Amino acid sequence: MVKNILMICYYYPPLQDVGCKRSVAFSYYFKKHGWNPYVLSVKNPDKTFCTIGDDSPPEGVYIEYSYSVINPYKFIGIMNAIITRLASIFGIKITRNYLYDIFCIPDLFWGWIPITVIKGLFLIKRFHIDTIYISCSPFSSAIIGVLLKLFSGKQLILDFRDPFALAINSIMGVPKPRRILNKFLEKWFINKSDIFIVTTEELKKEYINQYPWIKDKIYAVHNGFDANFLYLNKKEKFSKFTIIYTGDFYDYALPLKVFTDIFFGAISFLKNSGKISNNNFQFLFYGQGKQEVEKVARDLSIQDLVITSSRIPYEQVLNIVSRSHLQLLRIVKPMISTKLYEGISLNIPFIATIPHGEVEKMIKKYSPSSSILNEESTIEDVANAIIDVITHYNNNTIKDNSVNEFLENFSREKLSQKLIQLIEWNL
């Protein structure tokens, strides 16, 4: 029996942000495997946080858009700047935008809620929807999902691509009153859901530790890799030995900030010792944090080895990754970076700074030529790891990743089928 599923996805084409990839894959494979996905996305996204491109939804997937009545970021930013300047006159230093904590609940995207709820109810009735799927973040979408469930009585699937109010999720220094409010909202979201999805086994464990009563409805469905891009595996490598990094550099997470100095210190050490030069080595960076990377390179006089760029289209990124020899991997536990799935599938070894746990096990199982380091590693450790991979490439002794075995478990299609099975079990 064909099922009809309404997908509430703020991040969806023509947006190009990484948050789109999961929802696009689910909608595509839902359609392929006999479901009818109806996607509802945003018509006027906040351009401060979103990258608008010319991507199209998957062929055959029905999509409609709803307007956000307000995108408050710029207004709140201006007001905060005025308040901060006035406070400084009296010697008061304000280091956080408290207007955000007061007026942006659960996040900056709450302006999308009213019209999307109305339009969602219309779509539920028009297309006889069986199941509502909500992709978060933004977590305003979770409010939309709960309201649609309350008004329609339909099954609600809540998919947290990112954690919201976990006790471990304190990177940004959220004030205690806001943490309490966020936790209240998160409990409400989860309690009203019929199926709660997270993206890693470690995240699933953390949520069960915080909310033990959800253990029978929480599942891990990883992000995975779209096997349609495997043709890139045949690309020829760059003539120079190339280390690649794409996406957010996460330097606001202290352990990763420490490793930044060690990693670039290793490149400086290798350059000064004559083992690498701009004739035979390059580090490519594409993503958020470009200015920080350039500053570190200048400070260490390795700017001739470091090439930076802002974000570029996804397929172009994968093309560059496939031509590289080594991929730098950084994670903020308990999340798993999409770079892990891309690197293993595109047969690239890693130089990875990761804590013990799920990611470490995956790399050891599927990527035998990768080097796993930690925050206690020294500049010499990183330098030796880089030279070791260079030597293996030169001697043609680099070991391939276990790509086929990996994709049996982590292809986007396999993971979409897993989600379909979970939904059907619970209908």
Which ³J(HN,Hα) values in Hz, rounded to whole numbers, follow from the phi angles of the stretch 45-54 under the Karplus curve 6.51 cos²θ - 1.76 cosθ + 1.60, where θ = phi - 60° and Gly and Pro get x?
x, 6, 6, 5, 10, 10, 10, 8, x, 10
If I fit a long axis through the Cα atoms of helix 113-126 and take the longest principal axis of the Cα atoms of the chain, what angle between them do I get, 0 to 90°, rounded to 10?
70 degrees
Amide H within-cut-off set for I63, under 5 Å, with H built and near neighbours excluded:
V39
Helix-only mean residue ellipticity at 222 nm for the chain, each DSSP H run of n ≥ 4 adding -39500 (n - 2.57), per residue, nearest 500:
-13500 deg cm²/dmol
Order of F164, F259 - criterion: other Cβ atoms within 10 Å of each residue's Cβ, fewest first
F164, F259
Amide H to amide H, which residues 5 or more places from I276 or on other chains are under 5 Å from it, using H placed in the peptide plane?
K271
Stretchable slack from K183 to Q303, in nm (0.36 nm times residue separation minus alpha-carbon distance)
38.8 nm
Placing each pseudo-label 7 Å from Cα in the direction of the beta carbon, A87 and E360 end up separated by a distance in nanometres of 4.0 nm
Using DSSP to define loop residues, name the GluC sites (Glu not before Pro) in the stretch 354-409 whose beta-carbon has at most 16 other beta-carbon atoms within 10 Å.
E375, E376
Among beta bridges assigned by DSSP with both residues in the stretch 227-409, the antiparallel ones amount in percent, to the nearest 5, to 0 percent
For the stretch 337-350, take each phi angle, set θ = phi - 60°, evaluate the Karplus expression 6.51 cos²θ - 1.76 cosθ + 1.60, and give the result in whole Hz per residue in order, putting x for glycine and proline.
5, 4, 4, 5, 5, 5, x, 5, 5, 8, 6, 10, x, 10
Can you put T260, T378 in order of Cβ neighbours within 10 angstrom, beginning with the fewest?
T378, T260
Please compute the Kirkwood hydrodynamic radius of the stretch 84-233 from all pairs of different C-alpha atoms, in Å with one decimal.
17.5 Å
What are the equivalent ellipsoid semi-axes of the stretch 172-212, built from the alpha-carbon gyration tensor (square roots of five times its eigenvalues), in whole angstrom, biggest first?
20, 14, 8
Could you go through the stretch 408-423 in sequence order and give the Karplus-derived ³J(HN,Hα) for each residue, using 6.51 cos²θ - 1.76 cosθ + 1.60 with θ = phi - 60°, rounded to whole Hz, and x for Gly and Pro?
4, 10, 10, 6, 4, 5, 4, 5, 5, 5, 4, 5, 4, 4, 4, 5
Full extension from H128 to T391: what is 0.36 nm times the residue separation minus their Cα-Cα distance, to one decimal in nm?
88.7 nm
Quick one: which residues, 5 or more positions from V306 or on another chain, have an amide H under 5 Å from its amide H? H modelled 1.01 Å from N in the peptide plane, none for Pro or chain starts.
F283
GNM of the chain, Cα pairs under 10 angstrom: of I134, I83, I70, the biggest fluctuation goes to I83
Cα-Cα pairs in the stretch 274-427 separated by more than 24 Å, as a whole percent of all pairs, come to 40 percent
Relative to the compact-globule scaling 2.2 N^0.38 Å, provide the ratio for the alpha-carbon radius of gyration of the chain.
1.03
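Any read-out appearing in this document is the output of simple, stated calculations on the displayed coordinates, not a laboratory observation. It should be emphasised that the depicted structure is a prediction, and the values quoted were computed from it without experimental measurement. Counting neighbours? That spans all protein chains shown, and the Cβs are built from the backbone with ideal geometry, glycine included.
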